[in-house]
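What follows is a single structure, written as structure tokens, with notes after it.
The values are calculated or read from the model by the stated rules, or taken from the named source; none is laboratory data. Because the structure is a prediction, the values reported are computed rather than measured. Heads up, the Cβs are rebuilt from the backbone with ideal geometry, glycines too, and the neighbour counts pull from every protein chain shown.
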Amino acid sequence: MSKLYILDHPLIQHKLTYIRDKRTGTKEFRELVDEVATLMAYEITRDMPLEEVTVETPVAEATCQVIAGKKLGLVPILRAGLGMVEGILKLIPTAKVGHIGLYRDPETHEPVEYYCKLPSDIEERELIVIDPMLATGGSAAAAIQLLKEKGARNIKLMCLIAANEGVSRVQSEHPDIPIYIGAVDEHLNEKRYIVPGLGDAGDRLFGTK
Ligand code: PRP
Ligand code: URA
């Protein structure tokens, strides 16, 4: 079964509280999602391999470490995943960005694909699929499946808030994919929204209804 990491750093939890708050307006919501994405990127890159290099300090030669040329790719699920991209790029500015467009059918709640544009070398990249919400898990599972079919071999999933149902679906359909989450909430309501969650992530980010 895929590993589940709850990113419980106090700064992430603090900012998630204000993201959840319905009184938080679009501007502040966007800023907070961006900040949490940066903090989560810090945690998710913890296992990046390092290699030794030598530099001259003003005092002496020093043997130090730098990230070992790993090729990264971010894959936001449109729309709401877009809100997390810039925050991650602050820490990993050389990452390439692919986009997968999915929306949930309002009746079946199953994802419908409408867009896909990916870096040409995804099979060589470590990909991070990003989406604020993991509700039924249908969208994340479909995005991961699409990436695998296109040759991706190294994928992580990163979301702000999940429901247990979504975590279980990704774990059963993609047991090889590690999942990084800010919080796992109680359940889904009849419209398959996360309870308590944060509402509709896309609408809150972009000011739509
Ligand atoms: C939301 C969210 C996820 C999906 C999660 O997107 O951003 O992509 O729902 O739900 P699931 O786990 O049940 O699939 P939505 O379909 O509302 O599209 P949007 O981002 O364009 O608003
Ligand atoms: N999509 C959202 O934006 N929010 C939810 O709670 C579930 C799906």
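Go through (1) at pLDDT below 95; (2) in contact with a Phe, Trp or Tyr (Cβ under 7 Å, 6 or more places away or on another chain) one by one and return the number of the condition MET158 breaks. All conditions pass for MET158, except number (1). The combined condition, being touching a residue at least 12 places away in the same chain (Cβ under 8 Å), within 14 Å of ligand 1 (Cβ to nearest atom) and surrounded by 23 or more Cβ atoms within 10 Å (Cβ to Cβ), is fulfilled by ALA163.
The condition (being acidic (Asp, Glu) and more than 19 Å from VAL75 (Cα to Cα)) is satisfied by just one residue among ASP176, ASP121, ASP200, ASP131: ASP200. Given the criteria modelled with pLDDT of 95 or more and either assigned to a loop (DSSP other than H, G, I, E, B) or touching a Phe, Trp or Tyr at 6+ places or on another chain (Cβ under 6 Å) (or both), does VAL59 qualify? Yes; evaluated as a whole, the condition is true for this residue.
For segment 190-204, filtering for residues that are more than 12 Å from LEU134 (Cβ to Cβ), within 7 Å of ligand 2 (Cβ to nearest atom) and part of a helix (DSSP H, G or I) leaves 1. Considering only segment 124-139, I want to know if a residue exists there that is of a type outside the set (Lys, Arg), over 21 Å from ILE19 (Cβ atoms), more than 12 Å from ligand 2 (Cβ to nearest atom) and surrounded by fewer than 16 Cβ atoms within 10 Å (Cβ to Cβ). Within segment 124-139 (the criterion being of a type outside the set (Lys, Arg), over 21 Å from ILE19 (Cβ atoms), more than 12 Å from ligand 2 (Cβ to nearest atom) and surrounded by fewer than 16 Cβ atoms within 10 Å (Cβ to Cβ)), the answer is yes, since at least one residue qualifies.
When every residue of segment 22-40 is checked against the conditions, none turns out to be in contact with a Ser or Thr (Cβ under 9 Å, 6 or more places away or on another chain) and either among the aromatic types (Phe, Trp, Tyr) or assigned to a loop (DSSP other than H, G, I, E, B) (or both). For segment 173-190, filtered to residues that are out of contact with any helix residue (DSSP H, G or I) (no Cβ under 9 Å at 6 or more places or on another chain) and without any contact (Cβ under 8 Å) to a residue 40 or more places away in the chain, the residue that is surrounded by the most Cβ atoms within 10 Å (Cβ to Cβ) is ASN189. Only residues that are within 16 Å of ligand 2 (Cβ to nearest atom) and either out of contact with any helix residue (DSSP H, G or I) (no Cβ under 6 Å at 6 or more places or on another chain) or aromatic (Phe, Trp, Tyr) (or both) were counted across segment 56-107, and they come to 9.
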